[in-house]
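Notes for the one structure printed next.
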Amino acid sequence: MDRRRALGVALVLVSACGFGSGALFAKPVYAAGVNWHVLMAWRFLVGAGLAWAFLLASPGRRRGLLTLDRRAVIVSLALGILYVGNSGTYYAGLESVDASLAALVVYIYPALVAVLSLRIGRRLEGARAWIALGLALAGVALTVGGIDASKAPPLGALLLVVASPLIYAVWIVLAARLSGERRGAPAGQAGQANGDGASASAATALMMTATAAVYWTTAVAAGRAVAPGDIPAVAWPGLLAIGAVATFLAIQGFYAGAQRIGAAQAALLSTIEPLWTIGLAALLLHETLSPIQLAGGVLILAGVVIAQTGPASGRSARPAVRLADE
């Protein structure tokens, strides 16, 4: 393996672990009395701030910002606003749902994207997409059905976690569509049309800024205790970590890695994300999954692998626009 490819693999793995750590950082923040809305406001404020610092620190990335046309700016801001639906449902549900269970349920989104992409953008041939979705849904049924009744989270919280990958799958397909991906397009065409990693950094900075703006506006309007003085000191490490590691580092790592190894392999390597979350949740939060839930997790991951591998029509080398898995 050459150095460029090895670095790409390492960056994607770091990215997956960063995304997967978000739930683990959030749990102590919730325990300190900070709710999901305030957490999201600070998460994306920190993430956006670091993204802009990273962008402006390099002349090449600054030029990437200037190359974005009006449509690209509008699309980036719109996707940032729409991303509130996915991240909000996940972290609102996470207040009551175990991090390990949430990590498994939310990871059905690649299979959902495979089915939605039968009509939009990159699509899998034959029955692979439906097989992937069937395995993933069966896995969710096992993981949710295997919850100990005495420890079951509120139904509303569980429904929010289930809604998150549904919204995220629609968001990914919409992002691909708006950014120029079309069924049957030659591999890499969308990426060439929309710029390189420099413009991608600019687009993600704009998206995170839009997401942060929505969370802050709604938090202030709702009277949330979002001011720095209202945040307990014990919550700050988690707030800063989720913004820096699970948002900024995770996003930039995925883009940089996908540029080196391609979107298909980057997406497949990212499958370690729920495994990372489950392992650390067991170690740090003492969460455990029953054997039937672990079997469900295997089915979900099998669906993900099928959705991310095999022949495809018009498979694009361009990485999907990604803010986070949740």
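The values are calculated or read from the model by the stated rules, or taken from the named source; none is laboratory data. Since the model is a prediction, treat every value here as computed from it, not as a measurement. Virtual Cβ from ideal backbone geometry, glycine too; neighbours counted across all protein chains shown. Surface accessibility is based on the protein's heavy atoms, side chains included, excluding ligands, DNA and RNA. Shrake-Rupley method; radii C 1.70, N 1.55, O 1.52, S 1.80 Å.
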* Taking region 231-252 as the region of interest, how many residues are without any contact (Cβ under 8 Å) to a residue 24 or more places away in the chain and either in contact with a Gly (Cβ under 9 Å, 6 or more places away or on another chain) or of a type outside the set (G, A, S) (or both)? -> 1
* Hey, T209 modelled with pLDDT of 85 or more, part of a helix (DSSP H, G or I), among the hydroxyl-bearing types (S, T, Y) and under 18 Å from the mean Cα position of the chain (by Cα) or not -> yes
* Quick one: G49 ticks every box in (1) touching a Ser or Thr at 6+ places or on another chain (Cβ under 8 Å); (2) open to solvent by less than 60 Å² (accessible area, probe 1.4 Å) except a single one, so which number is it? => (1)
* **Residue list for region 14-26, restricted to those being at pLDDT below 95 and either open to solvent by 40 Å² or more (accessible area, probe 1.4 Å) or touching a Pro at 6+ places or on another chain (Cβ under 8 Å) (or both)** => V14, G20
* Out of A72, A132, report the one residue that is open to solvent by less than 40 Å² (accessible area, probe 1.4 Å), assigned to a helix (DSSP H, G or I), modelled with pLDDT of 80 or more and closer than 20 Å to I172 by Cβ. => A72
* Residues being out of contact with any helix residue (DSSP H, G or I) (no Cβ under 7 Å at 6 or more places or on another chain) and either among the β-branched types (V, I, T) or part of a helix (DSSP H, G or I) (or both): count how many of those fall in region 1-50. => 6
* Structure fact -> Taking region 276-290 and keeping only residues that are touching a residue at least 40 places away in the same chain (Cβ under 8 Å) and either assigned to a helix (DSSP H, G or I) or of a type in the set (K, R) (or both), one is left with W276, T277, I278, L280, A281, A282, L284
* Asked: Which residue pairs have Cβ atoms under 6 Å apart, sit 6 or more places apart or on different chains, and have a first residue in region 127-144 that is in contact (Cβ under 8 Å) with a residue 24 or more places away in the chain and a second that is surrounded by fewer than 17 Cβ atoms within 10 Å (Cβ to Cβ) and in a helix (DSSP H, G or I)?
  -> L142/I292; L142/A295
* Within the set of pairs 6 or more residues apart or between chains, which connect a residue that is of a type in the set (S, T, Y) and open to solvent by 40 Å² or more (accessible area, probe 1.4 Å) inside region 161-189 to a residue that is assigned to a helix (DSSP H, G or I) and at pLDDT 80 or above with Cβ atoms less than 8 Å apart? -> none
* To do: Could you please let me know if A53 is modelled with pLDDT of 95 or more, over 17 Å from the mean Cα position of the chain (by Cα) and assigned to a helix (DSSP H, G or I)?
  => yes
* Structure fact -> Matching residues in region 215-270 (assigned to a loop (DSSP other than H, G, I, E, B) and crowded, with 19+ Cβ neighbours inside 10 Å) number 4
* Asked: Restricting attention to region 167-175, does a residue exist that is modelled with pLDDT of 90 or more, under 14 Å from the mean Cα position of the chain (by Cα) and part of a helix (DSSP H, G or I)?
  -> yes
* **Which numbered condition R43 misses (of (1) in contact with a Phe, Trp or Tyr (Cβ under 9 Å, 6 or more places away or on another chain); (2) farther than 14 Å from Y215 by Cβ; (3) modelled with pLDDT of 95 or more)** => (2)
* Picking from A114, A92, A102, which residue would you name as being more than 21 Å from L294 (Cα to Cα) and crowded, with 24+ Cβ neighbours inside 10 Å? -> A114
